Amino acid sequence: MENVLQIVWLIPFLPLLGFLVNGLGRKYMPKAMVSIVGCGVILASFLMSIWVFIHVREGGGYVADYFNFIVVDKLKIPFALQVDELSSLFLMIITGVGFLIHVYSTAYMHEEKPEHFGRYFAYLNLFVFSMLLLVMGANYVIMFIGWEGVGLCSYLLIGYWFKNVAFNKAANKAFVMNRIGDLAFLIAIFWIIAKVGNANYADVIAFAKAGKFGASDITVITLLLFVGATGKSAQIPLYTWLPDAMAGPTPVSALIHAATMVTAGIYMIARSNALYSLSDLTMHVVTYVGLATAILAATIAVQQNDIKKVLAYSTVSQLGYMFMALGLGAYSAAVFHVMTHAFFKALLFLGSGSVIHAMSGEQDIRNMGGLGKKLKITSFTFLMGCIAIAGIPPFSGFFSKDAILLSAFEENKALYAVALLGALLTAFYMFRLFFITFTGKFRGTEDQAHHVHESPLSMTLPLIILAVLALAGGWVGIPEVFMKGGDKLSAFLSPVIPVKEGESPGHSTELALMAISTIAVLAVIAFSWFRFRGYQRKGEAQGLAKVLENKWYVDELYEKIIVKPLQQFGSFLNDVFERSVVDGLVNGVGRAVSYSSRQLRLLQSGQVGSYVLLMVLSMLLIFVLQFFLRK
Amino acid sequence: MLLNIYIDWAFVLEKFLLVAVIVTLSLVIAMYTTYAERKVAAWLQDRRGPNRAGPFGLLQPLADGGKLFFKEEIIPLASSKFLFILGPSLAMITATLTSAVIPWGTSLHLFGRDISLQIADVNIGILYIFGVVSLGVYGIMIGGWASNNKFSLLAAIRGASQMISYELAMGLALIALLMMTGSLQMSVIVKNQVANGWHIIYQPLGFLIFFVCALAECNRTPFDLAEAENELNFGYHQEYSSMKLGFYLFAEYINMFISSAVMSTLYFGGYDIPFVNEAAWNIDANLLALIGFAVLMAKTFFFLFVFLWIRWTIPRFRYDQLMNLGWKKLIPLALINMVVTAAVILWLKK
Amino acid sequence: MPIVYYLYLSLALFCIGIVGVLTRRNAIIIFMCIEIMLNAVNLLLVAFSKMHPPKAGIDGQLFVFFIMVVAAAEVSVGLAIIVMMYRRIHSVDVNFLNRLKH
Amino acid sequence: MNITQILVGSLSVITLFSALMVIISRNPVHSVLWLIVTFFSISGHYIVLNAQFLAIVNIIVYAGAIMVLFLFVIMLMNLNRETEPQKNKWLKLAGVLSGGSLLLVIVAALHTGDIKAMAQVKEGDIGLIGTLGKELFSTYVVPFEISSILFLSAMVGAVVIGKKE
């Protein structure tokens, strides 16, 4: 057992190898070769992940300790990888969805020059490596390496088309926002190390379980970790980078900004559940921040016209749901939703990519319409994704969202009501998107109408696979109500995430809630069908719609209250402090040195003998001082 | 106060005698090597050689010595007198010093004492030889410089750089040997050969390099550039006359004798009697030691003969050829030999 | 032998070296005086290495070995520099080496 | 007083005298020869301290190699006693005085401390080649290799500097 899982280092190592090969050989390798290397390493990792998953299911988790990464006095940070129920699940999601997206990318990015094509795949592989490291690390430090790695790759991939200034700005924004969160995460790690003595999960959890953390310590640590998570997982107040991150290629959006990187925060909190369970304050903060994000992002999504922006806000909103679940202590529900979300959101993004590909780069849904007839596979799979995210049984989204809603209901009825509202909004904007894009009449130019075509097999095949997963992926978590011995997922995760205690609301309540949400969702879908099936372009939006279209003016607000004052403070420092104090100091030092050196130059006779004589005399002086005058 | 000093007088006497015997022996042998040189030269050139003084001219070396003693002593006016005398003395001293670490045989058992036939069995024997050999340069350099003569100085510098250059290759060749024995102690090296066979079998290339270097170190033909008559009149000792000149010449022959002995000791088993297991003979140890000594002498005489033979056969190198041979051929060869030996030893030990 | 004895000896040797450096102008002699100083230190190191028998002084002796290595390297480069200087100004007087002044 | 002390005493006298002669001799060649004597006497000290390896290495390296180089250079430059011009008398006096007072100060400093330690002579095997060699090629193998690189670079440097342009 131990010997077998010791080779899990291969899982992250293979993508790293792919990164090196593609990155270094990008100028010399043809595109086909790059594709094979790029996809092959991920496939190999995926196969290994399945193998690891089977092993873990049979024999439990394992910590593979390789070498000491940092040794300072008593502090020892080993380079150790951990595979257990939680991380092996994430491994499968990352490598599986990642592989499909890699395959998809080979067709999507085919227009690029070979050199840039290689760069793209190198980044993609590096990203998968970082994400795997994040998930597999056996302590917070290794996780942090992966954490920073995904941040870096996100930056690189958002700014992939680096000749476009706006894209670069979006990349910078993502990077800076992530840094804010990372700082909090880093402080939290230091805090943990200061308290526990190292950063291994096992030790930290044992320490927490033993109740050795002080109440304020645990609150501060969990809050700091949460701030880190809001940066990576795009929660209020650090969410604005994610919609802008749509500047990157669409497969990147699917991989990073829907399926993997943004779930890092969820993973981190689920991994630290033992800490979070100790702090009620933090749990409430997480719940309400999650809920607020979910509602805010959903309202914004309702009025967006960029196909990818809609999906981006939808992602933010769904992440909000997950955080709400985390805050409610329903960790396994959150992880469950991460998994189903990975399937249908990757599907939706890839579908949108297929649409954009067909429309030759057009992203505004007002210029689309009626695409369902020409893009049969794309529109069908897209519909599957919409149904899944809206939460209609038996699609996967239904089960995972229902688990979250159920836990909200248990906590607080009002909470449930607001969450349900968010779910309805989700159904509304998703079907708005679907109907505007795929039904009605075509509203684009003649040229585009002529050009519209179904994507090649290497793009549609991942769509089909993901559609199947979006349908069936939720069945691992069918609740007890429908099937005896259901909810296999939380049972599987139970070694890492303890099953929530307390009486359940009873099967009848549960069924009633499901019925309510399903009927409400169907009603909303019908409403949007009537409203948007014959969509025509209208004038400027007015009133609330305008506010929503402009994303509640949050970006402008940030600009006003944070960026501008900082810039003014900076220019004030530049004008006053820099000019007079710093320059004065620097110039003064220079002048003083040049004056004194002019005086000291008289000592520089250039005669070696006199130098040595001076040296000996000084030695003499030092010895006399040392031995005779000190006492 | 001085009376408290405890000294093992017998030990001192024993060593003193040994030194006296060995030094006298080297002197006598060197003396008769000059005779042999002439005889061999004559034989190779189909002449008769010295045959007037005594039977077969055997007293010739004595006659030469006498002549040198009685010749007029000339010390150049512009020279540094002290250094002028110091030069040949240094050459003579360094020539005789080397013999101290050569094991001339196993030990004799006389008057209830074990008398080792080696003056000093130090565990840095080979380094000692190197130290003394590297000092040999001074005799030449000081003599050459003190003569205050351009030719002497040039010859001295030639000789010195030649000796330094060839010392390197010599050392490298020996390192391969030392890796095999694992000791710098001469007696251990000989015992190792008695047990495992002569080193010439394992180190033919090393021996060849060592031999060439020994020729150069002794300033013998074909490397006698320091005294190349046709370029530098008579070399570094051209201002010398009488016994001081004699010392220089004599030192060369002693060097030849000692280096022959060193070669026999290092590569040809020293006092080991070839092809037989003398330990099984079951005869008196003293007799055995004497036989061993005789065997060593025989080997040494053979090499002495080779020295002479080469001198009268091979012409002199040009100076650049000499340096090329030393730096570009022998040193790389010795390096290769060293690395190969090391690899083989490592492989065998595995 | 008392260690103090070696201390005084090497100290005297060292100071002789210093006096030599201070009083001579010939670069080569100055160089040789530096060698004397190095050897004074070596001597003291070897004496110190024998202060704590039986095993404790190996490091000291190896240190001496490395000092010799460095000294040899230093001499080869230093003499090359002196030769160079002689070729330039036809003298080895260090007092002519005052380019740094200008 | 035993024979070792007599030996060490006479060696010390030789050492100091010859070192003094190095700096007093007017002729550089004499200086070199006196320095060789100094090295020999220091090697003698090493032998008394039973540091055989260092003693012979001292002779090979210093007397056999370094001093030959010095001799070479001096002979090639043909330096005689006339080549060194007289130095300023006062500067010379200052040099001697400062060197001497340094000696005095340190001796006085040592004198106040009561040092009782003894150096082991004529015995102890740490100076033997086997012991040193094992240590040199195990603990100190990296410095050893580095010093060989140092040698190589010094050799290249000497050749580059000494070459005529």
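So which residues in the stretch A:434-461 are within 12 Å of A:G369 (Cβ to Cβ) and surrounded by 16 or more Cβ atoms within 10 Å (Cβ to Cβ)?
Answer for the stretch A:434-461, where residues must be within 12 Å of A:G369 (Cβ to Cβ) and surrounded by 16 or more Cβ atoms within 10 Å (Cβ to Cβ): A:F434, A:F435, A:I436, A:T437, A:F438, A:T439, A:G440, A:F442, A:R443, A:G444, A:Q448, A:V452.
Quick one: A:M131 ticks every box in (1) at pLDDT below 90; (2) outside the structural domain of A:L242 (by TED's automatic domain parsing) bar one, so which box is it?
(1)
Looking at this structure, is D:L104 surrounded by 16 or more Cβ atoms within 10 Å (Cβ to Cβ) and either modelled with pLDDT under 85 or in a helix (DSSP H, G or I) (or both)?
no
For residues that are open to solvent by 30 Å² or more (accessible area, probe 1.4 Å), more than 21 Å from B:T265 (Cα to Cα) and within 11 Å of chain D (Cβ to nearest Cβ), tally how many sit in the stretch B:110-149.
Residues that pass the stated criteria total 2.
Going through A:L471, A:L513 one at a time, which residue ends up being in a helix (DSSP H, G or I), modelled with pLDDT of 80 or more and over 25 Å from the mean Cα position of the chain (by Cα)?
Working: A:L471 fails: over 25 Å from the mean Cα position of the chain (by Cα).
Residue meeting the stated conditions: A:L513.
For the condition in contact with a Ser or Thr (Cβ under 8 Å, 6 or more places away or on another chain), more than 23 Å from B:A298 (Cβ to Cβ), at pLDDT 85 or above and of a type outside the set (G, A, S), what is the one hit in B:M179, B:M170?
Details: B:M170 fails: in contact with a Ser or Thr (Cβ under 8 Å, 6 or more places away or on another chain).
Of B:M179, B:M170, the one residue that is in contact with a Ser or Thr (Cβ under 8 Å, 6 or more places away or on another chain), more than 23 Å from B:A298 (Cβ to Cβ), at pLDDT 85 or above and of a type outside the set (G, A, S) is B:M179.
Tell me which residues, restricted to the stretch D:123-157, are assigned to a loop (DSSP other than H, G, I, E, B) and surrounded by 13 or more Cβ atoms within 10 Å (Cβ to Cβ).
D:G124, D:D125, D:I126, D:G127, D:L128, D:T139, D:Y140
Yes or no: the stretch B:43-54 includes at least one residue that is assigned to a helix (DSSP H, G or I) and under 18 Å from B:N255 (Cα atoms). Lay out the reasoning, then the answer.
Initial filter on the stretch B:43-54 (assigned to a helix (DSSP H, G or I)): B:43-44.
Now restrict to residues that are under 18 Å from B:N255 (Cα atoms): none.
Checking the stretch B:43-54: not a single residue is assigned to a helix (DSSP H, G or I) and under 18 Å from B:N255 (Cα atoms).
Check whether at least one residue in the stretch A:146-158 is farther than 23 Å from A:L91 by Cα and of a type outside the set (D, E, K, R), and report yes or no.
Taking every residue of the stretch A:146-158 in turn, at least one turns out to be farther than 23 Å from A:L91 by Cα and of a type outside the set (D, E, K, R).
Across the stretch C:1-16, which residue is nearest to D:F40 (Cα to Cα) among those that are touching a residue at least 24 places away in the same chain (Cβ under 8 Å) and more than 7 Å from every other protein chain (Cβ to nearest Cβ)?
Top of the filtered list is C:S10.
What residue, of D:G44, D:G9, D:G95, is of a type in the set (G, A, S) and at pLDDT below 90?
D:G95
Among the numbered criteria (1) outside any helix (DSSP H, G or I); (2) within 14 Å of chain A (Cβ to nearest Cβ), which single criterion is violated by C:I81?
(1)
For A:S277, work out the one condition from (1) over 20 Å from A:I387 (Cα atoms); (2) within 19 Å of the chain's Cα centre (by Cα); (3) open to solvent by 10 Å² or more (accessible area, probe 1.4 Å) it doesn't fulfil.
(2)
Within the stretch D:29-62, how many residues are outside any helix (DSSP H, G or I) and either touching a Ser or Thr at 6+ places or on another chain (Cβ under 6 Å) or at the interface with another protein chain (Cβ under 7 Å from one of its Cβ atoms) (or both)?
Selection size over the stretch D:29-62: 2.
Just give me the residues in the stretch C:17-33 being open to solvent by 10 Å² or more (accessible area, probe 1.4 Å), in contact (Cβ under 8 Å) with a residue 40 or more places away in the chain and facing chain D (nearest Cβ under 7 Å), in sequence order.
Selection gives C:R25 alone.
Take the conditions more than 14 Å from chain C (Cβ to nearest Cβ), touching a residue at least 60 places away in the same chain (Cβ under 8 Å) and of a type outside the set (A, V, I, L, M, F, W, C) and apply them to A:K551. Does it pass?
yes
Name every residue in the stretch A:566-584 that is open to solvent by less than 70 Å² (accessible area, probe 1.4 Å) and of a type in the set (D, E, K, R), in order of residue number.
A:D583
Looking only at residues that are more than 14 Å from chain C (Cβ to nearest Cβ) and outside any helix (DSSP H, G or I) in the stretch A:585-631, which one is surrounded by the most Cβ atoms within 10 Å (Cβ to Cβ)?
By that ranking, first place goes to A:R630.
Any residue in the stretch D:14-28 that is part of a helix (DSSP H, G or I), within 12 Å of chain B (Cβ to nearest Cβ) and open to solvent by 10 Å² or more (accessible area, probe 1.4 Å)?
No, the stretch D:14-28 has no match at all.
Can you pull out the residues in the stretch A:157-176 that are under 22 Å from A:F117 (Cβ atoms) and touching a Gly at 6+ places or on another chain (Cβ under 9 Å)? Walk me through it before giving the result.
Going residue by residue through the stretch A:157-176, those that are under 22 Å from A:F117 (Cβ atoms) are A:157-164, A:167-168, A:170-171.
Once the filter is applied, which keeps residues that are under 22 Å from A:F117 (Cβ atoms) and touching a Gly at 6+ places or on another chain (Cβ under 9 Å), the stretch A:157-176 yields A:L157, A:I158, A:G159, A:Y160, A:W161, A:F167, A:N168, A:A170, A:A171.
Does any residue in the stretch D:115-132 that is at the interface with another protein chain (Cβ under 7 Å from one of its Cβ atoms) come within less than 7 Å, Cβ to Cβ, of a residue that is of a type in the set (S, T, Y) six or more places away or on a different chain, and which pairs are these?
Qualifying pairs under 7 Å: D:A119/C:Y6; D:V121/D:T4; D:I126/C:S49.
Got at least one residue in the stretch B:91-102 being closer than 24 Å to B:E217 by Cα, among the polar types (S, T, N, Q) and within 14 Å of chain D (Cβ to nearest Cβ)?
yes
Does B:F84 satisfy the criteria of being aromatic (F, W, Y) and open to solvent by less than 30 Å² (accessible area, probe 1.4 Å)? Give the steps one after another, and end with the answer.
Numbers: aromatic (F, W, Y): yes; open to solvent by less than 30 Å² (accessible area, probe 1.4 Å): yes.
So B:F84 passes the test.
For the stretch A:350-394, which residues satisfy the criterion of being closer than 26 Å to A:L405 by Cα, at pLDDT 85 or above and open to solvent by 10 Å² or more (accessible area, probe 1.4 Å)?
Across the stretch A:350-394, the qualifying residues are A:L383, A:M384, A:I387.
In the stretch D:49-72, which residues are of a type outside the set (A, V, I, L, M) and more than 13 Å from the chain's Cα centre (by Cα)?
D:N50, D:Q52, D:F53, D:F70, D:F72
Kindly provide the set of residues from the stretch B:282-327 that are at pLDDT 85 or above and among the β-branched types (V, I, T), ordered by number.
Within the stretch B:282-327, B:I291, B:V295, B:T300, B:V306, B:I310, B:T313, B:I314 qualify.
Being among the aliphatic types (A, V, I, L, M), open to solvent by 20 Å² or more (accessible area, probe 1.4 Å), within 8 Å of another protein chain (Cβ to nearest Cβ) and part of a helix (DSSP H, G or I) is the requirement here; does D:L71 meet it?
No.
Being open to solvent by less than 10 Å² (accessible area, probe 1.4 Å) and among the aliphatic types (A, V, I, L, M) is the filter here; which residues of the stretch A:100-123 pass it? If you could, list the steps in order and put the result at the bottom.
Within the stretch A:100-123, the first condition is being open to solvent by less than 10 Å² (accessible area, probe 1.4 Å), and the residues that meet it are A:101-102, A:104-105, A:109, A:117-118, A:120-122.
Answer for the stretch A:100-123, where residues must be open to solvent by less than 10 Å² (accessible area, probe 1.4 Å) and among the aliphatic types (A, V, I, L, M): A:I101, A:M109, A:A122.
When you scan the stretch B:95-108, do you find a residue that is hydroxyl-bearing (S, T, Y), crowded, with 17+ Cβ neighbours inside 10 Å, assigned to a loop (DSSP other than H, G, I, E, B) and more than 23 Å from the chain's Cα centre (by Cα), even just one?
no
The values are calculated or read from the model by the stated rules, or taken from the named source; none is laboratory data. Nothing here was measured: the structure is a model prediction, and the numbers come from that model. Quick reminder, even Gly has a Cβ in these numbers, built from the backbone with ideal geometry, and neighbours come from all protein chains shown. Heavy atoms of the whole protein, side chains included, go into the accessibility calculation; ligands, DNA and RNA do not. Shrake-Rupley method; radii C 1.70, N 1.55, O 1.52, S 1.80 Å.
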